[in-house]
Every structure is written in C-alpha cells, then in structure tokens.
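**Student:** Okay, here's the structure, questions in a sec.
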Amino acid sequence: MRKSVNNQDQWAKVLSELEEEYAKLQSYDKTIIEHLGDVRNIKVLDYGAGPAVLADLLQNLGAQVKVYDISKEMREIAVEKLGRAAVIDRVNSIPKNYFDIILCNLVVCIVAEEEVYQIIKNLRSKIASNGKIYIGFCNPKIYDIKESNLDYRFPIGEDYSCNHDYKKVKKEGNYEIIERHRSIEWYTKVMEDAGLEVSDVFFTPEYELKGFKIRDFIIFELTK
Ligand SMILES: C[S@@+](CC[C@H](N)C(=O)[O-])C[C@H]1O[C@@H](n2cnc3c(N)ncnc32)[C@H](O)[C@@H]1O
C-alpha cells in the first residue's frame with residue numbers, strides 16, 4: 001500500500017524515500033548550492049533539514065553546518081551523517097542572531113498557517129544581522145498543474161488566491177503527501193509582517209511537460 005504523509009509529524013515514515021530523491025536534488029538542492037556559491041567557513045543552519053542530504057553536501061563543501069528538525073528520527077539520521085555537534089534537538093537551543101545563512105527548504109508548504117508564522121519568526125531570531133535566510137517551497141503558481149517531473153498532483157479547483165490543501169503523489173518514492181497551497185503574495189505578507197525584507201525571489205529551472213512550462217520550486221531570499 002502507498003505510504004501517506006498527512007501531517008508534519010509523519011515525515012519519518014518516508015525517511016528513506018527522502019534520502020533518495022535524485023530529481024528533487026537535481027532541481028532544488030542544486031539551485032540552492034549554485035546560488036550560495038563559496039560556503040567555506042560560513043555558519044549555516046538548515047531548519048527542517050529532514051535526513052540532512054543538503055546539510056551533508058554543504059558540510060563537505062566546507063560550511064559550518066547545524067541542523068534542526070522537529071522529528072527525532074530525522075535528527076538521529078543527521079547525527080550519523082554530520083556528527084552529534086551539528087544537530088540541535090530543541091528550537092530554543094538554536095543560538096540567536098548567529099547564522100550567516102539559514103535554509104528552510106520544503107517545510108512551510110506542508111505545515112499549518114500558525115506554524116508558518118512561528119517558523120518565520122524563529123528564523124528571523126536566529127539569523128545574524130547581515131545574514132540571509134532562504135525559504136523555499138513548491139511553486140504556488142503551478143498549483144493547478146496535474147503532473148510535473150516530480151509529482152502527480154490532484155488540484156481541487158480552488159482559486160490561486162485561496163489557501164487550500166490538495167494531494168500529491170511523489171514520483172520518486174511513490175508516497176502521498178498533502179500540499180498546502182498559499183499564494184506568493186500571502187507568503188510575502190507573512191514574511192514582511194515578521195520583520196523580514198525580501199531581497200530576491202528565484203525559481204528552480206524551467207522545463208516543459210505535456211505542453212506546460214514548469215518551475216517546480218520558488219525560493220525567497222530574506223534579510224532582517
Ligand atoms: C519535505 S521534508 C523536507 C526536508 C528537507 N528540508 C529537504 O529539502 O529535503 C519536511 C521536513 O520538515 C520537518 N518539519 C515539519 N514541521 C517542522 C517544524 N515545525 N519545525 C521543524 N521541522 C519541521 C519534517 O520533520 C521533515 O523532515
């Protein structure tokens with residue numbers, strides 16, 4: 001039977017699938033790594049790091065990486081990959097005003113609205129005054145597309161401006177998730193209300209599938 005992730009505390013069910021998402025790695029993680037450039041000796045926090053795939057790559061590129069994830073199972077895998085000292089167990093233990101770069105990849109599009117507010121507030125408190133936060137998630141502009149290279153998607157016919165949930169089946173791993181659609185404008189307002197400035201917005205590379213032009217992910221660069 002196909003695995004189903006309906007809630008933020010269920011991601012450990014697909015831990016091994018997340019570790020083997022090569023198409024997502026080529027799209028999302030590659031875009032972020034290229035954008036960051038030279039990360040040697042840069043203090044990086046990956047917030048909601050999952051099984052620490054990107055964190056591991058960045059550590060190998062010379063960054064001083066710390067990770068936090070709400071899931072104990074994800075943190076245990078991260079300890080195996082990065083070492084005990086790199087993994088932070090509690091959000092309150094993450095140092096404040098400290099990191100040069102904070103990444104929060106594919107987390108805000110799977111949690112409830114109240115959690116989005118809280119996560120963005122947390123990220124703001126942890127970034128150094130001249131640091132940059134990157135918050136990336138599934139591109140809201142393709143919310144009504146039925147298939148991408150990464151997913152089969154089940155849009156429910158709601159408008160772009162209306163926050164709503166819909167189902168996706170991941171092609172890699174063949175598991176099912178609930179995606180929280182919110183417009184780019186909604187996210188921008190939440191970020192600005194939290195005291196962050198949007199310094200850049202970019203997307204993963206465009207490709208064409210069944211006549212649709214698709215960019216899978218959007219990434220916000222933010223400063224405080
Ligand atoms: C889709 S996975 C993304 C993992 C990784 N960032 C990536 O890009 O592959 C979402 C992760 O967010 C974590 N998560 C969900 N809610 C969270 C929260 N409130 N705080 C921190 N992590 C959270 C989950 O445990 C899961 O590991």
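Values quoted throughout were computed directly from the atomic coordinates according to the rules given, and no laboratory measurement underlies them. Keep in mind it's a predicted model, so treat the numbers as computed, not measured. Counting neighbours? That spans all protein chains shown, and the Cβs are built from the backbone with ideal geometry, glycine included.
**Student:** Set the Förster radius R0 to 22 Å, insert the Cβ-Cβ distance between Ser93 and Glu73 as r into 1/(1 + (r/R0)^6), and round the FRET efficiency to 0.05.
**Tutor:** 0.75
**Student:** Sort Tyr98, Tyr187 so the one with the fewest other Cβ atoms within 10 Å of its own Cβ comes first. Don't skip to the end; give the middle numbers.
**Tutor:** On the way: Tyr98 15, Tyr187 21.
Ranked by crowding around the Cβ, least crowded first: Tyr98, Tyr187.
**Student:** If you don't mind, another one. Tally Lys/Arg at +1 and Asp/Glu at -1 over every other residue whose Cβ is under 12 Å from the Cβ of Asp46; what's the total? Before the final figure, lay out the partial values.
**Tutor:** Numbers: positive: Lys43, Lys66, Arg75, Lys81, Lys126; negative: Asp29, Asp56, Asp69.
Value of the local net charge: +2.
**Student:** OK, next. Using the Karplus curve 6.51 cos²θ - 1.76 cosθ + 1.60 with θ = phi - 60°, work out ³J(HN,Hα) for each residue of the stretch 137-143 in order, rounded to whole Hz, and write x for Gly and Pro.
**Tutor:** Rounded to whole hertz, the list is 7, 4, 4, x, 5, 9, 4.
**Student:** Now a separate question. Sum up the charges of everything whose Cβ sits under 15 Å from the Cβ of Leu15, counting Lys and Arg as +1 and Asp and Glu as -1, but leave Leu15 out. Display every interim value, and only then the final one.
**Tutor:** Working: positive: Lys3, Lys13, Lys24, Lys72, Arg75, Lys81, Lys170; negative: Asp9, Glu17, Glu19, Glu20, Glu21, Asp56, Asp69, Glu73, Glu76, Glu80, Glu172.
Result for the neighbourhood of Leu15: -4.
**Student:** Taking the number of other C-beta atoms within 10 Å as the exposure measure, put Tyr207, Tyr134, Tyr175 in order starting with the fewest.
**Tutor:** Ranked by crowding around the Cβ, least crowded first: Tyr207, Tyr175, Tyr134.
**Student:** Once Rh for the chain is found with the Kirkwood sum over Cα pairs, what is the Stokes-Einstein diffusion coefficient at 4 °C and 1.567 mPa s, in µm²/s?
**Tutor:** So the translational diffusion coefficient is about 73 µm²/s.
**Student:** To make sure I understand, if each residue's beta carbon is the centre and we count other beta carbons within 10 Å, what order do Val169, Val116 fall in, fewest to most? Don't skip to the answer; put the middle values down first.
**Tutor:** On the way: Val169 16, Val116 23.
With the fewest neighbours first, Val169, Val116 line up as Val169, Val116.
**Student:** Measure out, as a whole number of angstrom, how far apart the alpha-carbon centroids of the stretch 1-77 and the stretch 187-219 sit.
**Tutor:** 19 Å
**Student:** Ok, one more. From zero outward in steps of 10 Å, how is the percent of C-alpha pairs of the stretch 1-75 spread across the bins?
**Tutor:** 18, 47, 28, 6, 0
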